[in-house]
Structure formats: C-alpha cells, structure tokens
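A short write-up of the structure that comes next.
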Amino acid sequence: MTSSDLKSGWSLIGNGHIFEFLVKSLAKNNVSGSYIFTGPADLGKATAAHFFARSLVCDNTDSLKKPCGKCPTCIEAVKNIHSDIYLIEKLEDKKNISIDQVRDFIRNLNMSSFLNSYKIGIIKSAENLSQGAVNALLKTLEEPKIKVVIILTVTDLEALPKTIISRSQILRFKAVASNIIHDELIKNYKASRSQAKNFSRLCAGRPALALKFFQNEEYYKSYKAYVKSFIGLLDIDINERFSTIENILGKEARGQEAVRLAAGIVDIWQNLARDLMLMELNLADLIQHEAFIKDLAEVKSKLNLKALLNLINILRQSREYLAANVSPRLALESVAVSF
C-alpha cells in the first residue's frame, strides 16, 4: 500500500500525513481513546474528524479502511443522524461549551452501541470548553472505555489543559502550499485558472477557506465587502467612517454573534495591513490579497511607515478589546479613527 494509494481516499486538500496515520491505525486496530486535531482555522480539522468517525462505523470499509459512503451507516453519518456519533460545539450566542453539554455528551458515549460499533464523540473548537466542562471531560479521559473514541478539534493547542493533552493522541494540521491548493481547485473542483490563482493566494494556506470562496458566492461577496471597507476608510470623513462600521456590522448582529463578526473583520484588516507592510518592504510578490493590489498600492501611497506601524498596533489592540468584552462597534471604530 503506497503513500499515493492512501492519499487517494482523503477528502481534504493537503495534510495527507494525517490521513496516512489514521488509516494505518485502523488497519493495525490501534485506535486511541482520545485524539486532538490541532492547527489553524480552515484546514479541515472537523471534516477530518467526521471522516475518521465514518471510517470507524462503516459496514464496508475497503482495504484502505476508507468509509464506503454507500452503506446505511455511512449515509446516516453523512446526514449527521448516526446513533453512535455525537458532536458538540459552542451554541450560538454562548461564550462557552457548557458543563451540561459535556455531561449529555458523556452520557451518550457511555450508552451501549445499538450496532455494536464504535461510539465516537467530536468536540468542535474545544478551546471553548468551560472550566466545569473540562473537569467533566477529564474524568472520562482518565477512565477510557473500550470502543469509545473522543476527538477534539482546536486551533490553539495551548488553550487546552495539559491534563487533557497528555491523555490524547496529537495530530497537527499544517497550512497547505498555495500551488497544491491551486492545482486541486482546478483538477477536482473545476475552478478556472483565474479563480484558482486568486483563491489559492487569498486563503493563505487554508484550503477549506479557498473552497468557501469558490463554492459560496455570498461568502466571497461579503469578504470582498470587508476588504473594500478597509480600503475606503482613507477617502471618507470621520462621520462616514462611523457609518461604514455600522453598515458592515449590521443592525441584526447581537451578543456573541456581533463579537464573532467583528473578530473576523479585524482578522481580514490585519491581513491587509500585513500586505501593506510587505509592499512597503518591496515584497509585493508575497502578499495575500493579490487581486486587490492596485487598491492596496493606492492606500500605501497615503500612509507613511509610521502611520502604517500605528495602524498595525491599533488593529492588535482592537482584538484585545474584543477579548476583553469591549463593544464590537467600539473596537472597530477605534481602528476607523486611527487613519
């Protein structure tokens, strides 16, 4: 069984080393009771977790231990209705994954399987676990049960307690080279060459984000609007800047939804500021937003190095404001008035 054979069953772009490790573990019947899938956002950690879960419960896995995708258990798993696969994540407008969620999660995992198969629990974005939820989960990890597998996905491994990390198999997802993403978009997703070039650069090594851009026109349209809002701030007065912030946040966003939206906008703006700095250093060939290079060049012409460094610092502070529960609107307005 060659490396290329193994990767032929992988449903993600890149990170084939993760797939190889998982299928070899299945082939050797050497499955751990707990896994942590860690790495930056939009690399496909949750998708990989579901793929592994389907491999564990599939009735007809082939010689590579890939889920067949056709048996009743695979169909149920794809529809997220399989009785032995459980997923928890932070509920909308909540700050944490609660202890009650984890208790229900553990109770379900402790029940006997109706199909005499594995019981799999997936905790998405496990850095959101409350302290009480962590303590409840730790008790389960300390006393692992046969044929029970728990998978945690996390962007920052250090956000998890060492007691959980030490009891888990760590699988590290890495950013994917833009040329690999470019070629996969053309070969397997029928993207045009211009789309592949733009999205493979724009995603900054995150293939799941490239697919969002390609497959979800509204998502890409919103992303471009946030880019344009940043570029346009220099050309409008202070009152118009406040109106811009109000428009991009929207009147319907409230609570944690507004915080998530603002954090996403700041992330985009930070990447744009990074591109401006690269252009200042004559490294324009490395910028992420190549499709907007003419607009960025115009912005750069209006900012000296001191102003650019100040902008980068203000953007960093705005993230700190959001983490400290400052109003999302105030956090973005602090950036808007800094130009």
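Numbers below:
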quantity	calculated
Under Karplus coefficients 6.51, -1.76 and 1.60, residue-wise ³J(HN,Hα) of region 282-289 in Hz, glycine/proline x	6, 10, 4, 5, 9, 6, 7, 9
The chain: most fluctuating residue of 302, 197, 147 per GNM, C-alpha cutoff 10 Å	302
Over region 216-336 - Rg/Rh using Cα atoms and the Kirkwood inverse-distance radius	0.95
Burial ordering of 32, 301, 125, fewest other beta-carbon atoms within 10 Å first	301, 32, 125
Placed amide H near residue 150: partners under 5 Å, 5+ positions off or other chain	34, 35, 121
For the chain, the longest site-free run once GluC sites (Glu not before Pro) in DSSP loop states with at most 12 other Cβ atoms within 10 Å are removed	93-251
Max mean-square fluctuation residue, GNM over the chain, Cα-Cα springs under 10 Å, options 312, 287, 236	236
Dipole of the chain [Lys/Arg +1, Asp/Glu -1 at C-beta], most positive-end residue of 137, 330, 231	137
Too-long pairs where the Cα-Cα distance tops 32 Å, listed order kept, from 28/190; 66/145; 79/221; 94/212; 79/139	28/190
Counting all C-alpha pairs of region 3-172, share separated by more than 20 Å (%)	50
Per-residue Cβ neighbour rank within 10 angstrom, fewest leading, 52, 37	52, 37
Region 77-123: chymotrypsin sites (Phe, Trp or Tyr not before Pro) in DSSP coil with no more than 12 other Cβ atoms inside 10 Å	114
Directionally averaged shadow of region 181-279, computed from the convex hull of its alpha-carbon atoms, nm²	7.5
Reciprocal of mean inverse Cα separation for region 154-209 (Kirkwood radius, Å)	13.1
Between 0 and 90°, nearest 10: helix 178-189 axis offset from the chain longest Cα axis	60
Alpha-carbon centroids, region 186-211 and region 216-278: separation in whole Å	22
Distant alpha-carbon pairs in the chain (separation over 32 angstrom), percent	40
Ranking of 243, 98 by count of other Cβ atoms within 10 Å, fewest first	243, 98
Furthest towards positive pole of dipole, 91, 116, 305, structure part the chain, Cβ charges	116
Helix axis angle, 305-323 relative to the chain longest principal axis, alpha carbon, degrees	40
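All of the numbers you see were taken from the coordinates with simple rules; none came from a lab. What you are looking at is a predicted structure, and each value in this text was computed from that prediction instead of being measured. Neighbour counts are summed over all protein chains in view; Cβ atoms, including those assigned to glycine, are modelled from backbone coordinates with ideal geometry.
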